[in-house]
Structures are given as C-alpha cells and as structure tokens.
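A short worksheet on the structure shown next.
The values are calculated or read from the model by the stated rules, or taken from the named source; none is laboratory data. Here the structure is a predicted model, which is why all the values come from computation and not from measurement. Ligands, DNA and RNA are excluded from the accessible area calculation, which covers all protein heavy atoms including side chains. Shrake-Rupley method; radii C 1.70, N 1.55, O 1.52, S 1.80 Å.
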Amino acid sequence: SQQGEEDPQALSIQEGENATMNCSYKTSINNLQWYRQNSGRGLVHLILIRSNEREKHSGRLRVTLDTSKKSSSLLITASRAADTASYFCATKSPLTGGYNKLIFGAGTRLAVHP
Amino acid sequence: GAVVSQHPSRVICKSGTSVKIECRSLDFQATTMFWYRQFPKQSLMLMATSNEGSKATYEQGVEKDKFLINHASLTLSTLTVTSAHPEDSSFYICSGDGNTEAFFGQGTRLTVV
C-alpha cells in the first residue's frame, strides 16, 4: 500500500531552472530514498537519506528530511531536458524487518523544456 | 549498482492465456525479490514479496492463484499471470533487495487483448 504523498503531481519548468519536489509519509522510517523513472522503464536509485540525517547532496541533487514533519524534499538544480522523468520517494520502515520493502509515494512528473 | 534483468519488456497475449515474466539478478544473489504493478501515471503498488526457496508473501487484495510467483534460485524469480484478462494489462516491475537500495528490472508492459 502506498503511504506517501508527493507534490506537485506534475511540474513543468524551463532548462536551467530548479525543480523542487516534496514527499510526505505516515510511519516511522529507517531511511527515505528517491528514485527516477523514465517513461515505460524501470526505476533508478538516485539518493538515500537516513532517518538521522537532515540533508544530503549528490551532484545537482539535494535532499532534505524532516522526521518531525514526516516529509522530504528533492531539489534538482540547473535542470536539463534529460531530467524529464517521474520522480518517486520511497520509504523503508522498520516494521518490514530486514527486507528492503519499499513503500512508494505517488510521484511527481517533471517536464523540463529546452 | 547491481543489475536486474527483466524479460520480456513487452508482451501481448490473448484473454485466457498465461504469461510468464522473468526477473534475474545478474551480479548478485537475490534472496528476496519484489513484484510491483504500475498503472499509467500512477505509482508502484507492491504485489508480493518473493523469497528464494519458500512461498511468496502477497499483499492484501492480490490473488495468489492469479499471480503465481516462483523463486527457485538465488538469481531468478518469475511471475506468471494466469488466465489473463484485459484488466490485467499493466506495467509489471521486479526489484532485487540490495543492502540499502533496491535494484529494479526494466519492467514488462503486458497487454491482454
């Protein structure tokens, strides 16, 4: 079952602009992950942030985590047309034991226009 | 990252027939694999957890007799959609359990006509 909500559902920007996507979740977590999905393809892992971390960077990606608000944000800076994809947050809950069982948010469809 | 190969990428079948989708971990041993279903412009819905050498664990509302899962080896899990109907048309994705992240197959677009 999905536990996360993401907003916006869709985001359309111009190349060079920044894109911010938000994710909220409901239960306690071990970590929160962001994945990217190109249309009709599988998912690619982008970045993981642990529950005891507040911010993490990877290249043009910046992720924040606020466990008190049960929310996370993904910022893509200096966007490119190739960033066009759907972005999903996913949480791993301690309730699921040792399995990497992920619960996905609804996703944000990002369109970056040249 | 690790590689998970999913096959076929697309399949069209007639109503009433069965379709098998394979998910292979190419460079790691996947004791656990997950099967998801995704409708257009929607998120991934977990269908079942596939455990090597034991029965799969199905999520609530997923018919185990409809979606047969076999995980006979540490590198292969299969999902068989039995007696397929048009409403089973969807995008099916598998993933292997990594230490931290999940590694996803490329997905299978199933169309039942």
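Give me, ordered by chain and number, the residues 5 or more places off B:Gln42 or on other chains with an amide H under 5 Å from its own placed amide H.
none
Work out, step by step, the length gained on full extension between B:Ser54 and B:Ala2: first 0.36 nm times the residue separation, then minus their alpha carbon distance; give nm to one decimal.
So the extension gain works out to 16.4 nm.
Using θ = phi - 60° and the Karplus form 6.51 cos²θ - 1.76 cosθ + 1.60, what ³J(HN,Hα) does each residue of the stretch B:82-95 get, whole Hz, x for Gly and Pro?
Values per residue, Gly and Pro as x: 8, 6, 5, 10, x, 5, 7, 4, 5, 9, 10, 10, 10, 9 Hz.
For a quick size check, give me the Cα extents of chain B along its three principal axes, largest first, whole Å.
In descending order, the Cα extents are 38, 27, 22 Å.
Seen from all sides and averaged, what is the projected area of the convex hull of the Cα atoms in the protein assembly as shown, in nm²?
12.1
Pop out a list of residues from the stretch B:69-111 that are at least 30 Å² less accessible with all the protein chains around than in their chain alone; 1.4 Å probe, no ligands or nucleic acids counted.
Residues meeting the cut-off: B:Phe91, B:Asp97, B:Thr100, B:Glu101, B:Ala102, B:Phe104, B:Gln106.
Taking A:Lys92 as the anchor, which lysines have their alpha carbon closer than 21 Å to its alpha carbon, excluding any fewer than eight residues away along the same chain?
A:Lys26, A:Lys56, A:Lys69, A:Lys70, A:Lys101
Of the heavy-atom accessible surface of the protein assembly as shown (probe 1.4 angstrom), what whole percent is carbon and sulfur?
C and S atoms contribute 48 percent here.
What is the distance in Å between the Cα centroid of the stretch B:17-88 and that of the stretch A:13-30?
With the stretch B:17-88 and the stretch A:13-30 each reduced to a Cα centre, they are spaced 29 Å.
Using a 1.4 Å probe and counting only protein heavy atoms, how much accessible surface gets buried when B and A come together, both sides summed, in Å² to the nearest 100?
1800
Name the residues whose placed amide hydrogens come within less than 5 Å of the amide hydrogen of B:Leu76, ignoring near sequence neighbours (fewer than 5 apart) on the same chain.
It is B:Ser25, by chain and number.
Can you give the Rg and Dmax of the stretch A:1-55 based on its C-alpha atoms, in angstrom?
13.2, 36
Skip the ligands, DNA and RNA, and give the accessible area per residue of the protein assembly as shown with a 1.4 Å probe, whole Å².
With all protein chains present, the protein assembly as shown gives 48 Å² per residue.
Do any residues of the stretch A:1-41 show a loss of at least 50 square angstrom of accessible area between the isolated chain and the full protein assembly, using a 1.4 Å probe, and if so which?
Checking the loss per residue gives A:Gln2.
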